1. Answer yes if at least one residue in region 9-18 is touching a residue at least 24 places away in the same chain (Cβ under 8 Å), closer than 28 Å to residue 397 by Cα and touching a Phe, Trp or Tyr at 6+ places or on another chain (Cβ under 6 Å), and no otherwise.
2. If we keep just the residues of region 237-253 that are among the β-branched types (Val, Ile, Thr) and in contact with a Ser or Thr (Cβ under 9 Å, 6 or more places away or on another chain), which is farthest from residue 191 (Cα to Cα)?
3. Restricting region 273-284 to residues that are surrounded by fewer than 20 Cβ atoms within 10 Å (Cβ to Cβ) and in contact with a Phe, Trp or Tyr (Cβ under 9 Å, 6 or more places away or on another chain), which is nearest to residue 148 (Cα to Cα)?
4. Taking strands (runs of 3 or more DSSP E) that fall entirely within region 303-394, which contain at least 1 residues that are without any contact (Cβ under 8 Å) to a residue 60 or more places away in the chain?
5. Applying the selection to region 22-44, what residues are at pLDDT 95 or above and under 21 Å from residue 80 (Cα atoms)?
6. Go through (1) touching a Phe, Trp or Tyr at 6+ places or on another chain (Cβ under 8 Å); (2) polar (S, T, N, Q); (3) farther than 22 Å from residue 84 by Cα one by one and return the number of the condition residue 337 breaks.
7. Residue 223: over 24 Å from residue 132 (Cα atoms), touching a Leu at 6+ places or on another chain (Cβ under 7 Å) and either crowded, with 24+ Cβ neighbours inside 10 Å or free of Cβ contacts under 8 Å to residues at least 24 places away in the same chain (or both), yes or no?
8. Name the helices (runs of 4 or more DSSP H) wholly inside region 1-84 in which the number of residues that are among the polar types (S, T, N, Q) is 1 or more.
Amino acid sequence: MARKVSIILVGAGGYGNIYLGEMLKKIGDERFSIAGIVDPAPQGCRYLAELKELGVPFFSTIEEFYAENTADLAVISSPIHFHQYHSCYAMTRGSNVLCEKPVSATVQEALIMADARDKTGKFLAVGYQWSFNDAILGLKRDIIAGRFGKPLRLKTIVLWPRDARYFSRKWAAKIKDEHGNWVLDSIAANATAHYLHNMFFVMGEKEDESIYPKEVMAELYRANNIENFDTAAARIITENGTEMMFYASHAVNESIGPVLYYEFEKGMVSLTHGMDNNSLVARFNDGTIVNYGNPFDKEMEKLWVCIDAAAGLDASIPSSVESAISHVVCVNGMQESVPGIAGFPESLIRKDADRQVTWVEGLKEVMLECYEDWILPSEKEIPWAKAGEKINLIGYRHFGGCFGKI
């Protein structure tokens, strides 16, 4: 029988609530126990009273927990700029780690995390739930096996309104924190990270690898009163020459997507959220149709896979640092592509007082048209659009920043 896995959760608010909700549903499960919660402001935890009733101890810092305790698995759900420190600290204290996405703010931090993993011999998983999903993994295996032939081009669009409360979080859409540490929170790094990352992931040569970006050219904009961008469009070229197009915005008044379309030599793959039971469907040139299933199913499979792996069971972890780093490199490159985040024209910015949403007149239509045509807004000659620089990502190992507001 596998041993019971002790878990420490670092960050009980935000997405940490999702982890806690899953664990508390199965609190009697003999596979795990909650050894402690680390959070300097636990009032953001929706399950505070229940956890205290269960006798789960709370700690203000990760150092305080490990001073007198151990854990088999550390789940890191703290803000992005703490991922590297918390993950490395946990591994050096004997814990395996499941770190929420993105793995880190910068590529150099991700490399430090990989080095700590190698030195400690612990595993370091990254919480991209699509990478643990049967539909995505089934598609990836068929791509690796050559069923689709050569990849030609891939595209994804996600338009999700976000209200003022979303941007009011202390680190939301920040470039740096008050101590000068990179945060780089954005729609591409955080809210829609799964869907940008997935294009790299399904193209990886092995189950736990992603293809690497060779170059990126981005356009970054903002409508909300924030430091970083709430709208992005990018053209990415991978190391094998495949084109990827990515479109995302929080500055819209209607939720659309994720919508994806992956084009290959022998067929195509598509998904439109809210249609066809959210199924990921392949249509081959010979008329064959394959329904891989719903990639939104079993969102917390990542937790149970990591629990089994920490227990010593034969559990494969497909979402590694190696598979996650392509996304970080791409987002770092997008930031470097645009030396200053452009604001939308004031004449186009609208405020929905009831929903507390800031949106841009006509932006939804522009993004959808660009997605349809595989182009960037500047290539459509939109008056407010500004093309970014083309950034070479070959051998990219350090994000330097050097940008500010426009």
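1. Among the residues of region 9-18, not one is touching a residue at least 24 places away in the same chain (Cβ under 8 Å), closer than 28 Å to residue 397 by Cα and touching a Phe, Trp or Tyr at 6+ places or on another chain (Cβ under 6 Å), which makes the answer no.
2. 238
3. Per the criteria, the residue is 284.
4. Values: elements: 340-343, 349-352, 357-360, 390-392.
Because the criterion is at least 1 residues that are without any contact (Cβ under 8 Å) to a residue 60 or more places away in the chain, the strands (runs of 3 or more DSSP E) in region 303-394 that meet it are 349-352.
5. 36, 37, 38, 39, 40
6. Checking residue 337 against (1) touching a Phe, Trp or Tyr at 6+ places or on another chain (Cβ under 8 Å); (2) polar (S, T, N, Q); (3) farther than 22 Å from residue 84 by Cα, the one that fails is (1).
7. No, not satisfied.
8. In region 1-84, the matching helices (runs of 4 or more DSSP H) lie at 16-25.
The values are calculated or read from the model by the stated rules, or taken from the named source; none is laboratory data. Please read these numbers as outputs of a predicted model, since none were measured by experiment. Heads up, the Cβs are rebuilt from the backbone with ideal geometry, glycines too, and the neighbour counts pull from every protein chain shown.
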